[in-house]
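Peer 1: Before I ask anything, let me first share the structure, which is written out below as structure tokens.
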Amino acid sequence: MSAADQSRVALVTGVGRSRGIGAAIASGLSADGWRVVTAGWRGYDDRMTWGADDEPLAELEADLSDPAAPAALFDQVHRIVGSVSALILCHCESVDSAILDTTVESFDRHLAVNARATWLLVKSFAQQFEGSAGTGRILALTSDHTAYNLPYGASKGAMDRIVLAAAVELASLGVTANVINPGPTNTGWMDPQIEAAVRAGNLQDRIGTPHDCARLVRFLCSSDGRWINGQLLSSDGGRRH
């Protein structure tokens, strides 16, 4: 593992489980020499079917359904390592429900975590960014799964627009902003029937892994990735439509 470059600090949200995409991204950036600070919320994983890891994985806990949490998180990070130069948004609220059975409470919580918190995190990032032009990065993970997953898909769509707007509005700071759709990724939630369906729908004969997405994030965070900006990128192996 490379020695961490203290001038390159990445904040990765949504690092809750060792099998998750956020954990793979944090590990990969650390290997590339970034000083990585991770944030998660065990309360989310505890109420999901997969459950939380036995030991906390993230350095910091942040309940992003609280509108005060994003600014407070950046205050914590600043006290630990100073200014953040890459913001990697892997957090989410994801509870399956359809048009006819989604509750208002669930819809509002999805919007709060997936959209509002993204806006507030991007805002806090921009306010504290001190890097030179071309060194700032914002990356967010999205999904195109909407049918029977209404609040998740709708709030992720809103998140996409917020991050893509940041590419324009923060251009004067020298910050790039992109969205990545990793497609169906095996983080431990797939049963054999789902695995078979995902494999059958992919143009390559396998299922996506967290490290597939992490490799793209690592490239986009490198100096070689700075020309890619304001894009929604698929990193899913190619899907049959």
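Peer 1: Can you give me the ranges of the helices (runs of 4 or more DSSP H) entirely in segment 132-241 with at least 1 residues that are closer than 24 Å to residue 118 by Cα and touching a residue at least 24 places away in the same chain (Cβ under 8 Å)?
Peer 2: The qualifying helices (runs of 4 or more DSSP H) are 150-169, 210-221.
Peer 1: Could you list, in sequence order, the residues of segment 121-144 that are out of contact with any Ser or Thr (no Cβ under 6 Å at 6 or more places or on another chain) and of a type in the set (Val, Ile, Thr)?
Peer 2: 122, 138, 142
Peer 1: Given the conditions (1) of a type outside the set (Asp, Glu); (2) assigned to a loop (DSSP other than H, G, I, E, B); (3) crowded, with 20+ Cβ neighbours inside 10 Å, which single one is not true for residue 118?
Peer 2: Status for residue 118: all satisfied but (2).
Peer 1: Does residue 24 count as surrounded by fewer than 23 Cβ atoms within 10 Å (Cβ to Cβ) and of a type in the set (A, V, I, L, M, F, W, C)?
Peer 2: no
Peer 1: For the condition of a type in the set (Ser, Thr, Tyr), buried (at least 19 other Cβ atoms within 10 Å of the Cβ) and under 24 Å from residue 96 (Cα atoms), what is the one hit in 148, 152?
Peer 2: Just one listed residue meets the conditions, 152.
Quick note: the coordinates plus some simple rules give every number you see, no bench work behind them. Please read these numbers as outputs of a predicted model, since none were measured by experiment. No Cβ is skipped: glycine too gets one built from the backbone with ideal geometry, and neighbour counts run over all protein chains shown.
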